[in-house]
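Rule-based calculations on the coordinates, nothing more; no lab input. For clarity, every value in this text was computed on a predicted model and none was experimentally measured. So basically every Cβ, Gly included, is an ideal-geometry build from the backbone, and we count neighbours across all protein chains shown.
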Amino acid sequence: MGEILNLFGIDFTSEELSTWMDDSRRYSKDESRTKIFQDDSQRKRESAAQSLVELTDELLTESYEHIQKISQAGQTVLRQRVRKVS
């Protein structure tokens, strides 16, 4: 997190960073923004029909792996740029 902020020249006070981190834990679909987000992906995956899980895996695995490679390459570039700035 600090690397990204440094890259863009953003300097948060510890209070601002704490507020930002607290806000990021809130459930985005809760209009009152009082509920804390709880990851329910495992519960949803367990409740899905096995045939749906298999079809989803078959259709999306290749795309997901491609996106992961792009993400890793982007992270490498970001780290190199941060090192140059530092």
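Among the residues making up region 1-47, a single one is aromatic (Phe, Trp, Tyr) and in a helix (DSSP H, G or I): Trp20. Filtered by the rule that a residue be under 19 Å from the mean Cα position of the chain (by Cα) and surrounded by 10 or more Cβ atoms within 10 Å (Cβ to Cβ), region 1-22 gives Gly2, Glu3, Ile4, Leu5, Asn6, Leu7, Leu17, Ser18, Thr19, Trp20, Met21, Asp22. Scanning region 48-58 for residues that are in a helix (DSSP H, G or I) and surrounded by 10 or more Cβ atoms within 10 Å (Cβ to Cβ) returns Leu52, Val53, Glu54, Leu55, Thr56, Asp57.
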